[in-house]
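Scroll down for the structure; my scribbles are underneath it.
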Amino acid sequence: MINAKGIEKSFGTLKVLKGIDFNAEKSEVVSIMGASGAGKSTLLQILGTLSSPDGGSLSIDGTDVLSLRGKQLSEFRNRRIGFVFQFHHLLPEFTALENVMIPALIAKRSRKEAEAAALSLLTDLGLAERQTHKPSELSGGEQQRVAIARALINNPAVLFADEPSGNLDSRTKEELHKLFFTLRDKYGQTIVIVTHDPSLAALCDRSLFMKDGLFVENSDAQK
């Protein structure tokens with residue numbers, strides 16, 4: 001589902017990624033761990049097509065995404081990739097239902113179809129009764145579930161999550177962690193999660209560790 005080879009990225013004279021190879025199979029859940037500054041979020045942004053590498057190759061679901069430009073890239077990202085971030089980035093003036101609908105409307109699905117799909121996802125996530133509430137009226141855990149529903153609305157091939165439970169209390173965090181695997185089993189997405197949380201990493205099919213812009217063995221990452 002994801003095949004990245006030799007991914008390099010520098011910011012000025014600082015080389016953040018030093019030739020990363022990464023693969024993930026369909027419906028696999030992979031965590032990426034490492035200290036702050038190891039390059040985890042930079043790699044996730046490149047895998048998610050939000051940033052371009054300085055070198056290397058990347059294919060997602062059989063598409064050479066580095067060859068896509070402009071509108072083609074935006075459409076691919078909208079339809080095939082979902083994102084969940086530490087901060088929910090929900091639009092405060094819209095309800096939970098409307099926030100979830102937005103990517104579907106951008107993909108030119110009808111309003112009726114988008115609303116039905118959004119309500120179905122919110123129901124699956126236990127938020128049907130909160131659909132008319134705005135983000136300020138939702139708890140942190142509820143806001144993050146709305147963000148997950150929004151990420152899933154176009155049935156993407158891949159879901160990228162960057163510290164998705166970083167701002168949640170321990171109980172809500174545990175519920176969210178379990179939710180990722182429930183969603184994987186139901187919808188079949190490949191999920192790549194950047195996290196500092198060892199309990200979340202332990203649930204994943206595979207855990208990778210980054211240090212100084214490269215993947216290393218776990219024991220080396222701790223040094």
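The values are calculated or read from the model by the stated rules, or taken from the named source; none is laboratory data. All figures in this text were calculated on a predicted structure; none of them were measured in a lab. Reconstructed Cβ throughout: ideal geometry from the backbone, glycine too, with neighbour counts over all protein chains shown. Just the protein is used for accessible areas: all its heavy atoms, side chains included, with ligands, DNA and RNA removed. Shrake-Rupley method; radii C 1.70, N 1.55, O 1.52, S 1.80 Å.
On the beta carbon distance between residue 129 and residue 51, with R0 = 35 Å, the FRET formula returns roughly 0.40. Karplus-derived 3J(HN,Hα) values for the stretch 121-131, using 6.51 cos²θ - 1.76 cosθ + 1.60 with θ = phi - 60°, are 5, 4, 5, 4, 9, x, 10, 4, 6, 10, 4 Hz; glycine and proline are entered as x.
Note on residue 75/residue 206: beta-carbon distance plugged into 1/(1 + (r/R0)^6) with R0 of 30 Å gives a FRET efficiency of 0.50. Taking every protein chain into account, the accessible area of the chain amounts to 49 square angstrom per residue (probe 1.4 Å).
Across all Cα atoms of the stretch 67-223, the radius of gyration (one decimal) and Dmax (whole number) stand at 16.4, 54 Å.
With contacts taken as Cα pairs under 8 Å at a separation of at least 6 residues, the stretch 154-198 carries a relative contact order of 61 percent. Approximating the spin labels as points 7 Å out from Cα along Cα→Cβ, the residue 120-to-residue 26 distance works out to 1.9 nm. A cut-off of 5 Å between modelled amide H atoms, ignoring neighbours fewer than 5 places along the same chain, links residue 54 with 8, 9, 10.
Nonpolar atom fraction for the chain, defined as the carbon and sulfur part of the 1.4 Å probe accessible area, stands at 50 percent. Springs between Cα atoms under 10 Å define the GNM used for the chain, and in it the highest mean-square fluctuation of 149, 202, 118 occurs at 202. Per residue, the convex hull spanned by the Cα atoms of the stretch 1-113 amounts to 147 cubic angstrom. Residues whose amide H comes within less than 5 Å of that of residue 32, counting only those at least five positions distant or on another chain, are 193, 194, 195, 208 (H built at 1.01 Å from N in the peptide plane). Between 0 and 90 degrees, the angle of helix 96-106 with respect to the longest Cα principal axis of the chain falls at about 60 degrees. Residues whose amide H comes within less than 5 Å of that of residue 84, counting only those at least five positions distant or on another chain, are 160, 161, 162 (H built at 1.01 Å from N in the peptide plane). Scalar couplings 3J(HN,Hα) for the stretch 64-69, obtained by applying the Karplus form with A = 6.51, B = -1.76, C = 1.60 to θ = phi - 60°, are 6, 6, 6, 8, 7, 9 Hz; x denotes Gly and Pro.
Taking the longest Cα principal axis of the chain as reference, the axis of helix 170-187 is set at about 90 degrees.
Gain on full extension, evaluated as 0.36 nm per residue between residue 5 and residue 110 minus their Cα-Cα distance, stands at 34.0 nm. Report, to one decimal in Å, the Kirkwood hydrodynamic radius for the stretch 147-216 based on all distinct Cα pairs. The answer is 13.0 Å. Cα to Cα, under 25 Å, and not fewer than 8 places away if on the same chain: which lysines meet these conditions relative to residue 40? Straight-line reach from residue 40, under 25 Å: 5, 9, 15, 18, 26, 173, 178, 211, 223. The Cα atoms of the stretch 95-149 cover 30, 18, 17 Å along the three principal axes, with the biggest extent listed first. Couplings 3J(HN,Hα) of the stretch 195-204, computed from phi: 8, 9, 8, x, 5, 6, 4, 5, 7, 6 Hz, in residue order, whole Hz [Karplus 6.51 cos²θ - 1.76 cosθ + 1.60, θ = phi - 60°; x for Gly and Pro].
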